[in-house]
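Presented below is the structure to which this report refers.
The values are calculated or read from the model by the stated rules, or taken from the named source; none is laboratory data. Small disclaimer: the values here were computed from a predicted structure and weren't measured. Cβ placement follows ideal geometry from the backbone for every residue including glycine, while neighbour counts extend to all protein chains displayed. Note: areas computed on protein heavy atoms with side chains; ligands, DNA, RNA excluded. Shrake-Rupley method; radii C 1.70, N 1.55, O 1.52, S 1.80 Å.
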Amino acid sequence: MSPSPQTQSLSGGDARPVGGTSRPIRASASAARPRSGVERWMAPAKIAAFIAALYPLARIVFFGFTDRLGANPIEFITRSTGLWTLVFLCITLAVTPVRRLTGVNALLRFRRMLGLYAFFYATLHFTTYIWFDKWFAVAEILKDIGKRPFITVGFAAFVLLIPLAATSPRAAARKLGRRWLTLHRSIYAIAALAILHFWWMKAGKHDLILPKLYGAIVVVLLGWRVAAWARAKWFAARAGA
Ligand code: HEM
């Protein structure tokens with residue numbers, strides 16, 4: 001359905017009153033403003049994304065109930081949650097480049113949810129290890145870290161994720177201002193640590209196909225970011241000159 005002229009004048013863009021004066025209409029009538037197509041689809045799309053992101057958890061639960069977690073269920077859950085943490089980290093990092101390339105700004109509205117899912121699966125991964133694998137036995141954990149130092153790297157990534165999750169609400173972003181942006185850039189360091197964690201673990205098994213694949217994805221996403229930053233700096237310098 002195409003919007004009426006009155007609707008068009010109230011929905012942004014070249015907002016002019018129908019009566020013909022040249023003063024733009026202020027957004028005081030926002031309550032009466034009809035929702036755009038994107039707005040109308042946003043709530044169902046968010047619910048769909050929320051449910052889809054529960055798939056890895058549902059899969060584990062389903063496999064648990066149908067006795068399909070294999071000979072070592074703890075190992076299965078640790079590996080599955082670890083891999084899905086990495087997947088959600090990569091998807092979160094891809095939001096901005098995909099938004100820029102496609103011009104679909106609405107994608108930004110999913111980023112927080114995706115980042116929180118990365119944290120959710122990281123918490124499950126960590127809890128599975130510390131609780132169900134090691135039963136909080138500190139001596140056991142230290143012995144394991146001595147044998148498999150890649151665990152320390154995963155732990156560092158997890159610790160760095162905590163402040164990002166804690167400051168994800170909009171109110172925190174408003175309060176922190178520019179510092180929020182600086183803090184949230186640590187997601188690239190977290191992704192790099194996650195790759196190192198994965199790579200190190202798989203190097204011991206001489207199976208580097210997946211770490212190489214995810215490593216390449218993170219390098220491309222980080223490279224894109226660095227290129228965008230360098231371009232912005234160059235344009236700013238030119239504008240200054
Ligand atoms: C952002 C944080 C983390 C990410 C992205 C991550 C990711 C991963 C990935 C992708 C794997 C390999 C899965 C596979 O084999 O397919 C893995 C394995 C593992 N991770 Fe993490 N991890 C993180 C944090 C942690 C933490 C905090 C711990 C424990 C303190 C941990 C302990 C382990 C262990 C023990 C394994 C190996 C499981 C096995 O040998 O079967 N990880 N992780």
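So here's what we get for this one:
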item: Subset of the stretch 171-198 (residues that are aromatic (Phe, Trp, Tyr) and in contact (Cβ under 8 Å) with a residue 40 or more places away in the chain); result: TYR188, PHE198
item: Qualifying residue in the stretch 105-120 (condition: within 12 Å of the ligand (Cβ to nearest atom), farther than 24 Å from VAL219 by Cβ, open to solvent by 20 Å² or more (accessible area, probe 1.4 Å) and modelled with pLDDT of 95 or more); result: yes
item: Residue match in the stretch 67-78 (condition: among the hydroxyl-bearing types (Ser, Thr, Tyr), within 16 Å of the ligand (Cβ to nearest atom) and in contact with a Pro (Cβ under 9 Å, 6 or more places away or on another chain)); result: no
item: Tally, over the stretch 121-155, of residues that are open to solvent by less than 70 Å² (accessible area, probe 1.4 Å), away from the ligand (no atom under 11 Å from the Cβ) and assigned to a helix (DSSP H, G or I); result: 1
item: Residue within the stretch 43-55 that is aromatic (Phe, Trp, Tyr), modelled with pLDDT of 95 or more and open to solvent by 70 Å² or more (accessible area, probe 1.4 Å) present; result: yes
item: Complete set of residues in the stretch 91-104 that are touching a residue at least 60 places away in the same chain (Cβ under 8 Å) and under 9 Å from ALA118 (Cβ atoms); result: THR92
item: The stretch 187-215: number of residues that are of a type in the set (Gly, Ala, Ser) and modelled with pLDDT under 95; result: 1
item: Residues of the stretch 199-208 that turn out to be of a type in the set (A, V, I, L, M) and either at positive phi or without any contact (Cβ under 8 Å) to a residue 12 or more places away in the chain (or both), as a count; result: 2
item: Test: residue in the stretch 70-78 that is open to solvent by less than 60 Å² (accessible area, probe 1.4 Å), at pLDDT 95 or above and not in a helix (DSSP H, G or I); result: yes
